[in-house]
Structures are given as C-alpha cells and as structure tokens.
1. Which stretch or stretches of region 104-132 have amide N atoms under 18 Å from the point lying 7 Å from Ala46's Cα along the Cα→Cβ direction?
2. Which values of log₁₀ I(q)/I(0), to two decimal places, follow from the Debye formula for region 1-120 at q = 0.10, 0.16, 0.19 Å⁻¹ with a uniform point scatterer at every Cα?
3. Using only C-alpha atoms and all pairs of different ones, pull out the Kirkwood radius for region 41-100 in Å with one decimal.
4. I need the peptides 78-90, 134-146 ranked by packing, meaning the mean over residues of other C-beta atoms within 10 angstrom, with the highest value on top.
5. Would you tally the net charge around Ala154, using a Cβ to Cβ cut-off of less than 15 Å, leaving Ala154 out, and scoring K and R as +1, D and E as -1?
6. With respect to the cross-link table entries Lys33/Lys109; Lys33/Lys167; Lys90/Lys116; Lys90/Lys131; Lys116/Lys157; Lys33/Lys90, which display a Cα-Cα separation exceeding 22 Å?
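What follows is calculated from the coordinates using simple rules that are stated; it is not laboratory data. What you see is a predicted model; the values in this text were computed from it and never measured. Here the Cβ positions follow ideal geometry from the backbone for every residue, glycine too, while neighbour counts run over all protein chains shown.
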Amino acid sequence: MNDTTTQQVENTVREAVESGEDIYQKVRSITLKALTERELDRDNIADVVQAVGEGIRTGMGAQYETSRTAFQESTQALDDALASTAEATKLAVEEAASRMDEFSRTDLKRTTDDLKGLEELFLETMGNIAKDSQGVMSDVVRDFISHAQTKGTAVGKQAELVLDRIKHVVLSGEHSALSSARETTSTLARIGSGFLAGIAESLQSESGKK
C-alpha cells in the first residue's frame, strides 16, 4: 500500500469500532480514503479490505449486543465502500469509452475478473474474522455470513449491475478503441481510482449535511 499503510488502516478502523460512535461513517470514510490512494486493482483492494477486516475484529468487544451492533455497522460500511468501488469501475469504463481511450483486452478482462471477485473477497474477509474470533464474536460473525450468503451483499449486487453494463459497452461497440495491446499499467484501474475519490467526496459531503 502507498500513502496509508495496512497497519494505519487497521489501527484507525479498530479505534473507530472501539469508540462505539458513528462507526459506519468512520469505517466507510477510512476504507474509501485508503482505496482512493491507489489504483483499483485486485491486490490493492485486497490489502485494504484485509486491513479493515482485522481492524473490525480487534475492535469488537466481548458483550453480545455491543459487538453485534459494532460489527453490523462496520461491515455495512465496508460492504458499501466496495459497492462504491464497483460503481467507480463502471464509470471508468464509460469514461474511457466516451473519450475513445485505448485500453487493452487484458486490461478489460482484469477489470471484470476483479469485479467478479469483490463479493468473494468481502465474504472471505468476514470468514477470516470468524475463524480468528472466539465465543460471542464468532457467533456474531457467523450469523452475519449466513445472512449475507442467503440475502446477498451490497457489493455483490452492485458488481452484477456493473458487469452487465461493461458487457453492454463492449458488445454495442461503444468502445471501438479496444485493442489487444499489452499495457504496463491498468488504464481502467487508474481512472477508477479518480472516480472513487469523487464518490467518496460526495458521500462525505452528504454525511456532513445530516
């Protein structure tokens, strides 16, 4: 990770959860800030998600009701932040297409693969929290995972919508500059990071008005 290290992310999330105040807003803000400081590729996103997950785990208390509330708010914040990441990726594809920027088929495949893996990454992180937790905390996390697997997650639903949109962009010929050229950097990941920064700023502004 770059500007904000994994340890810094973990520490600030833990402090937010331990505070018991405005957990959702704090964790979402921390997550989005960390994500916008780097390109939106699989490895960078995984680094942030794992750090946030560890911060959630270490910040939860021993009391069932307190832990359940803290966990629900913090995981909802992470889920929504990842959904915003999927939305930013969609905007990146549309922007690249409208500007006729050339991005490679490899770049597009990497982007779609990353999107498909977002929900799995989220649930895997929750599973790791459950595995590393004991007693009340473990029960809280396992209940959440069971519910999420049945009802779905915000990031899973958003990623599905975005994948449909990307497929439409390609099949409709909206992006005729798609090439098979290899690139050393991911155009879409770079553009997506910029869009996510805009989304984060907008969400921060909205929460400040409440």
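1. Residues 107, 109-129 fall inside that zone.
2. Calculated log10 I(q)/I(0) at the listed q: -0.34, -0.74, -0.95.
3. On the way: mean 1/r = 0.0746 Å⁻¹.
Kirkwood hydrodynamic radius for region 41-100: 13.4 Å.
4. Numbers: 78-90: 24.9, 134-146: 16.2.
For the peptides 78-90, 134-146, the packing ranking is 78-90, 134-146.
5. Details: positive: Arg28, Lys90, Lys151, Lys157; negative: Glu73, Asp79, Asp80, Glu87, Glu119, Glu120, Glu160.
Its environment carries a net charge of -3.
6. Values: Lys33/Lys109 26 Å; Lys33/Lys167 29 Å; Lys90/Lys116 13 Å; Lys90/Lys131 33 Å; Lys116/Lys157 11 Å; Lys33/Lys90 19 Å.
Too far apart for the 22 Å limit: Lys33/Lys109; Lys33/Lys167; Lys90/Lys131.
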